[in-house]
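Following: one structure in structure tokens, then a few remarks.
What follows draws every value from the coordinates through simple rules; no lab data is involved. None of the values given here were measured: they were computed from a predicted structure. Cβ placement follows ideal geometry from the backbone for every residue including glycine, while neighbour counts extend to all protein chains displayed.
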Amino acid sequence: MVFNIGSQQGGVVNNVAGNQTVHGGQTGHLTADGRDVRDLVGDLRTAVEQAPLPPAVTPEVRSELDAVETEVARPEPDREAVAGRLTRVTRMLSSAGALVTAGTALIGPLSALAGWLGTLGRPILQAIGV
């Protein structure tokens, strides 16, 4: 038996010649471009840490990102909860001027996460002007 498998992208990809038994399920959380959602949240956190934020805003943004990281690590993340928190983060970053100064470092992960959220991500896209 010969397998000719081209490029694959997915949260979980199993190519098996023979039998396979999976106990406990398999999950993956990918965005439309194939990136893992957890990686995008990490990219956003990195960009936030490098952005010049007012000291009063930084703890709030970090707290929201902590909650987002916890949520997207679950097997079935609550997208509404993630959307609410990312919308708050986006508004705080916008009001602090960070979206202008940090540019694509923040806008890239925010727009990708908004895409993963689907219609729930519209307020984020509106806030970043996409």
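Overview of values
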| item | result |
| --- | --- |
| Unique residue being basic (Lys, Arg) and either in contact with a helix residue (DSSP H, G or I) (Cβ under 9 Å, 6 or more places away or on another chain) or assigned to a helix (DSSP H, G or I) (or both) when the list is Arg91, Arg74 | Arg91 |
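Okay, residues lined up against (1) within 16 Å of Arg38 (Cα to Cα); (2) out of contact with any strand residue (DSSP E or B) (no Cβ under 9 Å at 6 or more places or on another chain); (3) buried (at least 17 other Cβ atoms within 10 Å of the Cβ):
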{"residue": "Pro75", "(1), (2), (3)": "yes, yes, no"}
{"residue": "Leu86", "(1), (2), (3)": "yes, yes, yes"}
{"residue": "Thr90", "(1), (2), (3)": "no, yes, yes"}
{"residue": "Ala96", "(1), (2), (3)": "no, yes, yes"}
{"residue": "Thr104", "(1), (2), (3)": "no, yes, no"}
{"residue": "Leu113", "(1), (2), (3)": "yes, yes, yes"}
{"residue": "Thr119", "(1), (2), (3)": "no, yes, no"}
{"residue": "Ala127", "(1), (2), (3)": "no, yes, yes"}
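Residues checked against (1) free of Cβ contacts under 8 Å to residues at least 60 places away in the same chain; (2) hydrophobic (A, V, I, L, M, F, W, C); (3) within 15 Å of Asp36 (Cβ to Cβ):
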| residue | (1), (2), (3) |
| --- | --- |
| Glu64 | yes, no, no |
| Glu69 | yes, no, yes |
| Ala83 | yes, yes, no |
| Trp116 | no, yes, yes |
